[in-house]
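S.K.: Pasting a structure here, questions to come.
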Amino acid sequence: MRAVLQRVRQAKVTVSGEVVGEIAAGWLVLLGVAPPDTQKQVDWLAEKVANLRAFNDPDGKMNLSVQDVRGSVLVVSQFTLYGDCLKGRRPGFTGAAHPPIAEPLYEAFATALKMLGVPVATGRFGADMQVELLNDGPVTFVIDTPTTI
């Protein structure tokens with residue numbers, strides 16, 4: 001799995017003019033799923049996102065997790081994170097899992113975060129989404145799950 005985490009003051013995702021997911025402060029997670037991913041990658045990444053200390057403490061140091069600051073996570077599926085742009089002018093997407101594999105793992109990731117006590121909102125898998133965010137920092141991380149867990 002590949003995740004782009006953006007620390008936000010607020011974020012929302014809209015589909016056909018309808019807001020389908022919205023959070024105040026926390027993480028916007030753009031999530032890509034690869035064909036070999038399993039529940040092990042889901043669990044590893046959920047724990048990492050819930051506990052990554054990248055929110056400021058009272059001294060301005062990144063010492064707090066999204067849970068510590070009582071933040072939320074907005075999870076948005078994004079297969080283009082596995083786009084290969086090395087050859088030619090058109091990206092290839094063979095590194096991304098097909099929907100029958102990707103969608104259940106995307107949903108499992110949101111569920112795993114909820115099980116860790118993190119409030120979660122989501123986009124709509126496979127939809128044409130518009131994502132709005134107010135970046136905080138900006139603080140952005142790209143996390144690839146280990147292939148062997």
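S.K.: So, restricting to strands (runs of 3 or more DSSP E) that lie completely within the range 1-92, which ones have at least 2 residues that are touching a residue at least 40 places away in the same chain (Cβ under 8 Å) and charged (D, E, K, R)?
M.R.: Values: elements: 2-15, 18-23, 26-32, 62-64, 72-77.
By residue number, 2-15.
S.K.: Please verify whether the range 66-80 includes one or more residues that are at pLDDT below 95 and hydroxyl-bearing (S, T, Y). Outline the logic, then answer.
M.R.: As a first pass, look at the range 66-80 and keep what is at pLDDT below 95: none.
The answer is no; no qualifying residue exists.
S.K.: Taking the range 80-94 as the region of interest, how many residues are surrounded by 15 or more Cβ atoms within 10 Å (Cβ to Cβ) and either touching a strand residue (DSSP E or B) at 6+ places or on another chain (Cβ under 6 Å) or at positive phi (or both)?
M.R.: Selection size over the range 80-94: 2.
S.K.: A further question follows. What's the number of the condition E132 fails, among (1) surrounded by fewer than 13 Cβ atoms within 10 Å (Cβ to Cβ); (2) in contact (Cβ under 8 Å) with a residue 12 or more places away in the chain; (3) not aromatic (F, W, Y)?
M.R.: E132 satisfies every listed condition except (1).
S.K.: On the given criteria, is P91 more than 13 Å from A121 (Cα to Cα) and in contact with a His (Cβ under 8 Å, 6 or more places away or on another chain)?
M.R.: Working: more than 13 Å from A121 (Cα to Cα): yes; in contact with a His (Cβ under 8 Å, 6 or more places away or on another chain): no.
Taking the combined requirement at face value, the residue does not satisfy it.
S.K.: Go over the candidates W27, W44 one by one and state the one that is of a type in the set (A, V, I, L, M, F, W, C), within 18 Å of A3 (Cα to Cα) and surrounded by fewer than 19 Cβ atoms within 10 Å (Cβ to Cβ).
M.R.: Details: W27 fails: surrounded by fewer than 19 Cβ atoms within 10 Å (Cβ to Cβ).
Only one candidate passes the filter, namely W44.
S.K.: Scan the range 30-41 for residues that are of a type in the set (S, T, N, Q) and either under 17 Å from N135 (Cα atoms) or surrounded by fewer than 17 Cβ atoms within 10 Å (Cβ to Cβ) (or both) and jot them down.
M.R.: First, pick out the residues of the range 30-41 that are of a type in the set (S, T, N, Q): 38-39, 41.
Listed by number, the residues that qualify are T38, Q39.
S.K.: Turning to a different aspect of this structure: Given the options Q6, Q10, name the one that is out of contact with any Phe, Trp or Tyr (no Cβ under 6 Å at 6 or more places or on another chain), modelled with pLDDT of 95 or more and over 14 Å from A121 (Cα atoms).
M.R.: Values: Q10 fails: over 14 Å from A121 (Cα atoms).
Answer to the check: Q6.
The values are calculated or read from the model by the stated rules, or taken from the named source; none is laboratory data. Every value quoted in this text rests on a predicted model; they were computed, and no experiment measured them. So basically every Cβ, Gly included, is an ideal-geometry build from the backbone, and we count neighbours across all protein chains shown.
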